[in-house]
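One structure is given here, and the rest of the page talks about it.
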There are 2 protein chains.
Amino acid sequence: MKWTELEENWCPVARTLTLVGDRWTLLILRDCFLGSSKFEEFAANTGATRHIISSRLKRLVEAGILERKLYVERPKRYEYLLTEKGREFGPALMTFRDWGKKHLPVRRSASAAKG
Amino acid sequence: MKWTELEENWCPVARTLTLVGDRWTLLILRDCFLGSSKFEEFAANTGATRHIISSRLKRLVEAGILERKLYVERPKRYEYLLTEKGREFGPALMTFRDWGKKHLPVRRSASAAKG
DNA sequence: TTGCTAGAGTTCCAAAATGGAACTGAAATC
DNA sequence: GATTTCAGTTCCATTTTGGAACTCTAGCAA
């Protein structure tokens with residue numbers, strides 16, 4: 001079954017996953033919640049390629065989760081801001097954060113810094 | 001950046017995503033919460049290919065989220081059960097469910113069946 | 001004893017997605 | 001004029017997916 005067919009699935013979890021159930025989208029949203037809004041920030045903070053960032057931002061805007069807003073007229077510069085719909089995804093990210101903190105502690109070598 | 005490199009990421013959301021941040025894993029976990037435990041059930045309920053089901057179950061078992069348990073001796077038959085670590089992922093699925101129910105209602109044509 | 005069914009996978013190949021790097025375009029700054 | 005910044009796009013090789021067929025063990029039926 002193709003991934004996009006899940007859009008009409010009876011299960012709301014499946015439908016949600018058609019938007020955020022890929023390898024980078026949730027990391028972009030995490031960045032948004034941490035204050036990022038620029039293309040370059042997403043690229044730098046997530047580690048995803050510019051190609052991926054571009055396609056994911058498009059999808060998130062189309063879905064009404066982010067809003068693409070002009071913030072410099074010349075040259076045209078856009079930023080991406082969470083909509084109300086996007087902000088309501090916050091609790092989901094928090095459950096991921098909490099689960100990760102509890103169950104996937106970072107294995108660090110003796111000399112590794114905390115950051 | 002390669003996806004697997006996120007395993008050691010400072011961010012617990014990113015680390016969580018290395019396990020469940022792909023196109024089908026969360027759907028398999030949803031099935032587990034709804035009572036499924038067999039390979040064939042996952043294949044039928046998620047719509048993912050057997051190939052994918054196989055690789056995802058391996059990863060979930062390796063991560064300690066599911067337990068692979070023999071339930072028929074001859075021929076060998078295995079089922080997959082949520083561990084405590086896996087059960088603690090429940091709240092995350094519920095946030096996805098709630099967000100999807102609220103923001104992604106199913107557009108159904110007049111004749112569309114419920115299944 | 002040949003044939004069908006069931007469960008749990010594996011294998012193969014084509015199609016789609018991803019990773020990495022370079023390139024574009026507009027304007028500000030050196 | 002050259003370099004830098006931001007926001008993308010393009011190209012190509014590598015990975016991952018999607019789909020279907022195949023394997024292996026064993027029960028059951030004719």
Search result, residues across the range B:30-65 that are within 14 Å of DNA strand D (Cβ to nearest atom) and within 21 Å of B:Arg15 (Cβ to Cβ) = B:Ser55, B:Arg56, B:Leu57, B:Lys58, B:Arg59, B:Leu60
Of those in the range B:59-82 that are closer than 26 Å to A:Met94 by Cα and charged (D, E, K, R), the residue surrounded by the fewest Cβ atoms within 10 Å (Cβ to Cβ) is B:Glu62
Enumerate the pairs (first residue in the range B:30-58 and farther than 13 Å from B:Tyr80 by Cβ and among the basic types (Lys, Arg); second residue anywhere and part of a helix (DSSP H, G or I) and within 12 Å of DNA strand C (Cβ to nearest atom)) with beta-carbon separation below 6 Å, excluding pairs fewer than 6 apart on the same chain, so at least 6 apart or on different chains.
-> B:Arg50/B:Ala43
Determine if the range B:83-101 includes at least one residue that is at the interface with chain A (Cβ under 8 Å from one of its Cβ atoms), modelled with pLDDT under 95 and open to solvent by 90 Å² or more (accessible area, probe 1.4 Å).
-> no
Quickly run through the range B:1-45 and pick out the residues that are more than 7 Å from chain A (Cβ to nearest Cβ), open to solvent by less than 10 Å² (accessible area, probe 1.4 Å) and either under 26 Å from B:Tyr78 (Cα atoms) or in contact with a Pro (Cβ under 6 Å, 6 or more places away or on another chain) (or both).
-> B:Val20, B:Thr25, B:Ile28, B:Leu29, B:Asp31, B:Phe42
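The values are calculated or read from the model by the stated rules, or taken from the named source; none is laboratory data. From a predicted model like this one, the values you see are computed outputs, not experimental measurements. Every residue, glycine among them, receives a Cβ derived from its backbone with ideal geometry; neighbour counts consider all protein chains shown. To get the accessible areas, we keep the full protein, side chains included, count just its heavy atoms, and leave off ligands, DNA and RNA. Shrake-Rupley method; radii C 1.70, N 1.55, O 1.52, S 1.80 Å.
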